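What follows is a set of notes on a single structure, which appears directly below.
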Amino acid sequence: MREARAPLVTLIAFMMSSMAAASQPLVQLRGVALTLESAAGAVNILRGVDLDIGASETLAITGPSGSGKSTLLAVLTGLERPSAGTVTVAGHNLGTMDEDALALFRRNTIGIVFQSFHLIPTMTALENVAVPLELAGNKDAFAVAGASLEAAGLGPRMGHYPSQMSGGEQQRVAIARAFAGAPALVIADEPTGNLDTNTGAAIVDLMFSIQASQHTALVLITHDRTIAQRCDRIIHMQDGRAVPATKVT
Amino acid sequence: MAVPLALRLAARELRGGLTGFRVFIAALALGVGAIAAVGSLSASVVSELQNNARAMLGGDAEVTLTARPADDAELAFFDATSAQVSVVHDLRSMARNGDGTVMLVELKGVDDVYPLFGQMTLTPSQTLDDALAMRDGVPGAVAEAELFSRLALGLGDRVFIGDIEVELRAVIGVEPDRTAGVMALGPRLMVSAATLDSTGLVRMGSLLETRYRFALDPAADPAVWLDDLNAAFPQAGWRASEYTSAQPALQTFVDRLGTFLTLVGLTALVIGGVGVGNAVRSYLAGKTATIATLKSLGATGGLVFQIYFWQVAVLAAIGIVLGLIAGALTPLVVTPLIGDALPVAPGFSLYWLPLGLAAAYGALTATAFALWPLAQAREVPAAGLFRAIVSPVRRWPRTPYVILTAGAILALIGLAIFGTGNPWLGAWFAAATLGGLVAFRLVAFGVMGGLLALPQIRRPSLRLALASLTRPGTATGSVMMSLGLGLSVLVSVALLDANLTRQITEQLPDQAPAFFFIDIQPDQVDAFDATVMAVPGVIELSRLPTLRGRVVAINGTEIGTNTGEHHDHWFVHSELGFTYATTMTDGTVLTDGQWWPAAYDGPPAISLDSSVAEQMAIAVGDTVTFNILGRDIVAQVANLRRVDWQAMGINFSVIFAPGALENAPQIHVASAVVDAGAEDAVFDAVTETFTNITAVRVRDVIERATGLLEKISTAVRAISALTLGAGVLVLAGAIAAGRRGRVYDSVILKVLGARRIDVLKVHLLEFAVLGLITGIVAAATGTLAAWAVVRFAMDGDWLFDVPAVVGSAGGGMVLVVILGLAGTWRILGQKPAPVLRAT
């Protein structure tokens, strides 16, 4: 029954929130905290994060392991609910949305690039890129996906499965998948973490190039200062708090 | 039409191949196949019984008379109301070859028009009339192959029956009115009616059955004809039936055996269901990252559920269809192999009802076991993708899925109860199977808890083996549950089989008779007694006169018009044997009333078996009307006595007081207790001296009874073995699912300095402990179940058979170890470096 009522209600909520989006920053986090219970007691992963990200802005998030970077991305994408605070993305208050609405929000608003690529092994490169478009009901999913892969330089590899591609190629597919639906926001979690330096540089070039052409907001986690410096802004996560970091010009 | 997204994505996911789903498909195919096979086979047998009902009865209708032929009025009615009449005589007799070897035969005398329906098949091919005709002054005979082999005779040889000899001219292939599997004491020997008359075996009082078979006018309703017949001759005392209701007992037997075997097959399916659940869980565990990825791309939980539901549905359909094909083809394959054990040889046809039922069982089992892990899969948290720690969800699914799972289980139970045609048995099975699954799961929890609580074990191989059995995510619980339940069924069946066989063979009284002799004529009794007693080794000879007749009324109320609760009791339905006696025999225990005085000279009185009296609500002082040789005798119940039928002596439910029966035509029956070494001598002495007396060896009867039991128990064991097969599939699936973990463990052990033999020891100990615990628990539960059935359902004495338990449970344990080692053997040769590079 939950599934049956979801589409209509979710669509209305989604449209209403979309109308309010124009006048706000694309992403607005206020007092976001996340505390998880564990056997050793409560663990404060995020401790009151306030953050605004504008449309078309690029933001790098740095910080040591366990500082809350990945959790912050999970909260931004609606995959993790904060214990406190509000998260608004493209006018959607994620705290008021149920799981299905969040799924709908992700498929229309967000693209994600993971460190481990996370392509679906049983699907070709083309199918992998088409999946979010198909989920969004795009009738030209495969045409759009094909163009996206061409743009990523993978035209000849469209029919290949992930296991038949190198790490760099897989990450290109993941980038094409993230940008294919022209989302307002792309999240990238250490996109070069599993790649060698040269490949990583090429991947970053590709990502920034597509971002620039689509005017997409890009938030990426990186330990690489050079990549971070290419972003408009850098924040540093420390013990669950976001601290603005100085950008070397 | 656009294919729905869930189906498109499911189809892409299925490209990954069926790895991990082989057990899923095999478990469903095995269970569904077993149910479909049993259903198809029993439906084909029942259908064959119905299709050949006329031929099997021998006519549209049949009237059986014992000890007397039909009288003129009856014959006139037969001729006037039917298109054709055939007369067949049946009796048991002795056949002797030229060397003096004698055996008991089922002798049949037939007329020219036999068989009215169906075809007699003879080898070499010839007509029955030709085979039975007189040639050179010697009448012909045909016989079943057993007679030829037992008497070492060939075609053209002669055999003595009664006062004459006949020439064996053909081997009987098909005798249309003889139902195989029905208890017969010897092979068929068939002669013409005229030949039978000349044997001297047909005398007044002989245990001869005369069967009148009728071909009716095609427009006539046999049931109506039968009603008219009984109305015309209410006191005839015959057994009459028509073809549409002639085989109900056999059909009921086939139905019941089919129901029982279906339920055993269902147990195999449910056990396989554990494997189905494990396979789905294991498959989805491997898909966790994909599920998380789909959710991160915007797939709803509902869509994720649908994607994997369709995959499981397609694979379940493959398993079910494979099972249905195997089941539907079973009659085709099995009939030539076990045709002798079936009451009829069925033809091949598709029986949609049992196939549909088997498919429904399969679909419900797949739903009941697969829905839970499928519903859990939709809850996989995608946030884990950011931390590279995506793990399967173990918490309870959402309420609708729990309700759906419960609904599937209830539907399965409902189908078991109401779909098998025997609600009581179905309910019993459902309770036992569910109880067994729950009990084994609890035992598995207990055992794993116990193993975890053990103090630190110093021996590393044993410590590692036990750690494998108890680590998080281990399949120990489900393997113990499924394999244990399968083994329990096998132990139960073995014990029930042993109990039934022992009840027949070992619970005979110490002084059981070695022989029963029938058809002793009154003028032979003195010579007979003298002949038997003259043989050294004869311990006791009992002989009683006997007559046959039927109960026609109780307290003046005619049977048949009495629609009370007892009207279908054998006491009023069957032909009974009576005797008469002046004094009580030793050991008689009266429960009510008084035995008559030795010089009793009053109206007819009887002594009645107290258990019959209780079942029929007959008390001392009541009257029972008997029809004996066409004459009604109203007798008052003088006393009730307890009869110990297990003592196996000659006894009768009804004993008449002196005065009523002495002058009626009668024969004598006798039993003899003899030393084992004297049996052949007694047999030879009687059969050589008295050609008309039939000697029945008790040992032969027991051998035939156990032989019949053996055929049934073979079928039960074969189906029951499938439950173990299902358990083995679950084990195989668990080994396959845990392979990656085992490879990693063995590589780490090797890196730490373990040799192959050390890794082998760990695996050996792990499976030995698993097999041992499972075997012990299965032996206990199987024994408990068999004890309950013997004690309460069969009301018998319990005998614990050690070989049956050790053979079943021990065999299962060995199987676990062998299968476990076979499944992990290749791991031993795994080189560490590639595995370490890959992780």
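Nothing charged except the Cβ atoms of Lys and Arg (+1) and of Asp and Glu (-1): what's the magnitude of the dipole of the protein assembly as shown about its Cα centre? Round to the nearest 20 debye. Numbers along the way, then the final one.
On the way: 73 positive and 90 negative charges, 1865 e Å.
In total the dipole reaches around 8960 debye.
Considering only A:Thr58, A:Leu218, A:Gln28, the residue lying farthest towards the positive end of the dipole of chain A is A:Gln28, judged by Cα position with unit charges set on Cβ.
Nearest-5 percent of antiparallel DSSP beta bridges in the protein assembly as shown? Don't skip to the end; give the middle numbers.
Values: 100 of 135 bridges.
If we restrict to bridges inside the protein assembly as shown, about 75 percent are antiparallel.
Pairs A:Lys69/A:Lys139; A:Lys69/B:Lys295; A:Lys139/B:Lys295; B:Lys108/B:Lys711: which are spaced more than 30 Å apart, C-alpha to C-alpha?
Values: A:Lys69/A:Lys139 36 Å; A:Lys69/B:Lys295 20 Å; A:Lys139/B:Lys295 20 Å; B:Lys108/B:Lys711 26 Å.
Distance filter (> 30 Å) returns A:Lys69/A:Lys139.
Give me the percent of the accessible area of segment B:40-189 that comes from carbon and sulfur atoms, probe 1.4 Å, all protein chains in place.
Working: 2870 of 5840 Å².
Ligands and nucleic acids excluded, carbon and sulfur give 49 percent.
Leaving ligands and nucleic acids aside, the B/A contact buries around 2700 square angstrom of accessible area in total at a 1.4 Å probe radius. Measuring gaps between exposed loop sites in chain A (trypsin sites (Lys or Arg not before Pro); DSSP loop; at most 13 other Cβ atoms within 10 Å), the longest gap, sites not included, is A:1-138. Burial of accessible area (probe 1.4 Å, heavy atoms of protein chains only) in segment A:80-105, relative to its chain alone, reaches at least 50 Å² for A:Glu99.
Interface residues of segment B:282-303, defined as those with an accessible-area decrease of at least 50 Å² between the chain by itself and the complete set of protein chains (probe 1.4 Å), are B:Thr293, B:Ser296, B:Leu297, B:Gly298, B:Thr300. Here the label points at B:Trp570 and B:Asp99, each 7 Å from Cα along the C-beta direction, are separated by 3.8 nm in the simple model.
To check you understand DSSP bridge types, tell me what percent of the beta bridges within segment A:2-245 (both residues inside) are antiparallel, rounded to 5. Write down the numbers at each step before the final one.
On the way: 22 of 39 bridges.
Around 55 percent antiparallel, to the nearest 5.
For segment A:129-146, a reduction of at least 30 Å² in accessible area between the chain on its own and the assembled protein chains (probe 1.4 Å) is found at A:Val131, A:Glu134, A:Leu135.
Please give the per residue accessible area of segment B:214-371, computed with a probe of 1.4 Å over protein heavy atoms only, in Å². Could you put the intermediate results ahead of the total?
On the way: 5930 Å² over 158 residues.
With all protein chains present, segment B:214-371 gives 38 Å² per residue.
With the simple spin-label model, which puts each label point 7 Å out from Cα in the Cβ direction, the B:Ser198 to A:Arg225 separation comes to 12.6 nm. Under 5 Å between amide hydrogens, built in the peptide plane, is the criterion, and for B:Ile606 it picks out B:Gln636, B:Val637, B:Ala638, B:Asn639, B:Ala657 among residues at least 5 positions away or on other chains.
Just add up the charged neighbours of B:Asn692: K/R +1, D/E -1, any other residue whose Cβ is under 14 Å from the Cβ of B:Asn692.
Numbers: positive: B:Arg92, B:Arg96, B:Arg203; negative: B:Asp163, B:Asp197, B:Asp519, B:Asp523, B:Glu688.
Neighbourhood net charge equals -2.
Partner aspartates and glutamates whose Cα lies under 18 Å from the Cα of B:Lys761, excluding those fewer than 8 positions away in the same chain, are identified as B:Asp745. The mean accessible area for residues of chain A, using a 1.4 Å probe and ignoring ligands and nucleic acids, is 42 Å² per residue.
Evaluating 6.51 cos²θ - 1.76 cosθ + 1.60 at θ = phi - 60° for every residue in segment A:128-138, the Karplus couplings come out as 4, 6, 6, 3, x, 5, 4, 4, 7, x, 6 Hz, glycine and proline recorded as x.
Compared with the dominant Cα axis of chain B, that is its longest principal axis, helix B:679-689 is turned about 40°. Of the accessible area of segment B:538-674, computed with a 1.4 Å probe over protein heavy atoms only, carbon and sulfur atoms account for 49 percent. Cross-link partners of B:Lys750 among aspartates and glutamates, defined as those whose alpha carbon lies under 13 angstrom from its own and excluding same-chain residues fewer than eight positions apart: B:Asp758.
Once the Cβ-Cβ distance between A:Ser65 and B:Ala788 is put in as r, and R0 is 56 Å, what FRET efficiency do you end up with, to the nearest 0.05?
Numbers: r = 61 Å, r/R0 = 1.10.
E(calc), rounded to 0.05, equals 0.35.
Near the amide H of A:Ala55, within less than 5 Å, lie the amide hydrogens of A:Leu26, all on another chain or at least 5 residues away, with H placed in the peptide plane.
The values are calculated or read from the model by the stated rules, or taken from the named source; none is laboratory data. For clarity, every value in this text was computed on a predicted model and none was experimentally measured. With ideal geometry, Cβ positions are generated from the backbone for all residues, glycine too; neighbour counts draw on all protein chains shown. Surface areas here come from the heavy atoms of the whole protein model, side chains and all, with no ligands, DNA or RNA. Shrake-Rupley method; radii C 1.70, N 1.55, O 1.52, S 1.80 Å.
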